[in-house]
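Visitor: One structure follows; several queries about it will come next.
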Amino acid sequence: PGLAALAREASGCEVIQGDFETFDFSGHPADAVLLSGALVHVPHGNLGPALEKISRAFAACRDNGLERWLYISLKEGDGSFTDPRGRTFYLWRDEALREVFGHLGMAVRHFLRSASADGTGKHWLGYVLTVP
């Protein structure tokens, strides 16, 4: 709730507060979706189903012959960890993510591995995908 309030205040845009795993995206048509660090708390086994739900926003968009684009970034590593605030972060390897994307028919158009801005030496995996 606090992050949603901050986003509303900073952007002046409509902000929907919801859960990526249960929210119905079909009523929110989109040609592109930006998920920068947004799915880091989604468990490994739930990422594919969450992305499938999110991609319903593309299906809701009338077919204009244009490619649908999705950007996603997730923390690199193995397993998961819980921070002192009680938030669980799920870590990913490139190969595992590409497998999830492939099962959903998403094609990787660009990949970037970048150092975390927090100075911890950890890395993020970023993907620009096209969505069927």
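Visitor: State the percent of C-alpha pairs, over all pairs in the range 33-92, separated by a distance greater than 12 angstrom.
Guide: 72 percent
Visitor: Sticking with this one: Tell me, what is the percent relative contact order of the chain, built from C-alpha pairs under 8 Å that lie six or more residues apart?
Guide: Relative CO of the chain lands at 23 percent.
Visitor: With a point put 7 Å past each Cα toward its Cβ, work out how far A4 is from R93 in nm, to one decimal.
Guide: For the pair A4/R93, the computed spacing is 3.6 nm.
Visitor: Within the range 23-112, what percent of beta bridges assigned by DSSP are antiparallel, to the nearest 5?
Guide: Counting only bridges with both partners in the range 23-112, antiparallel ones make up about 35 percent.
Visitor: Please find, in a Gaussian network model of the chain (springs between Cα atoms separated by less than 10 Å), the residue of D19, D31, D83 whose mean-square fluctuation is greatest.
Guide: It is D83.
Visitor: Oh, and also: Quick one: if you stick a label point 7 Å off each Cα along the C-beta vector at V108 and I16, how many nm between them?
Guide: Inter-label distance under the simple model: 2.8 nm.
Visitor: Can you check what the net charge comes to around V108, using other residues whose Cβ is under 10 Å from the Cβ of V108 (Lys, Arg +1; Asp, Glu -1)?
Guide: So the environment of V108 carries a net charge of +1.
Visitor: Whenever you get a sec, compute what percent of the accessible area on the chain sits on carbon and sulfur atoms (1.4 Å probe).
Guide: Summing carbon and sulfur atoms, their accessible area is 54 percent of the total for the chain.
Visitor: Which one of T120, T88, T22 has the biggest mean-square fluctuation once the chain is modelled by GNM with Cα springs under 10 Å?
Guide: It is T120.
Visitor: Calculate the all-directions average of the projected area of the chain's alpha-carbon convex hull, and give it in nm².
Guide: Convex hull of Cα atoms, orientation-averaged projection: 8.8 nm².
Visitor: Between G105, G18, G37, which gets the highest mean-square fluctuation from a Gaussian network model of the chain, Cα cutoff 10 Å?
Guide: In this elastic network of the chain, the residue with the biggest mean-square fluctuation among G105, G18, G37 is G18.
Visitor: Something else about it: Accessible area per residue of the range 64-132 at 1.4 Å probe, in Å²?
Guide: Ligands and nucleic acids excluded, the figure is 58 Å² per residue.
Visitor: Here's another thing I want to ask about it. Loop sites only, by DSSP: take the trypsin sites (Lys or Arg not before Pro) in the chain that have at most 10 other C-beta atoms within 10 Å and name the longest stretch containing none of them.
Guide: 1-61
The values are calculated or read from the model by the stated rules, or taken from the named source; none is laboratory data. Note that the coordinates shown come from a computational prediction; the quantities given were computed from them, not determined experimentally. Note that we place each Cβ from the backbone using ideal geometry, even for glycine, and neighbour counts take in every protein chain shown. Heads up: the accessible areas ignore ligands, DNA and RNA and are worked out on the full protein's heavy atoms, side chains in. Shrake-Rupley method; radii C 1.70, N 1.55, O 1.52, S 1.80 Å.
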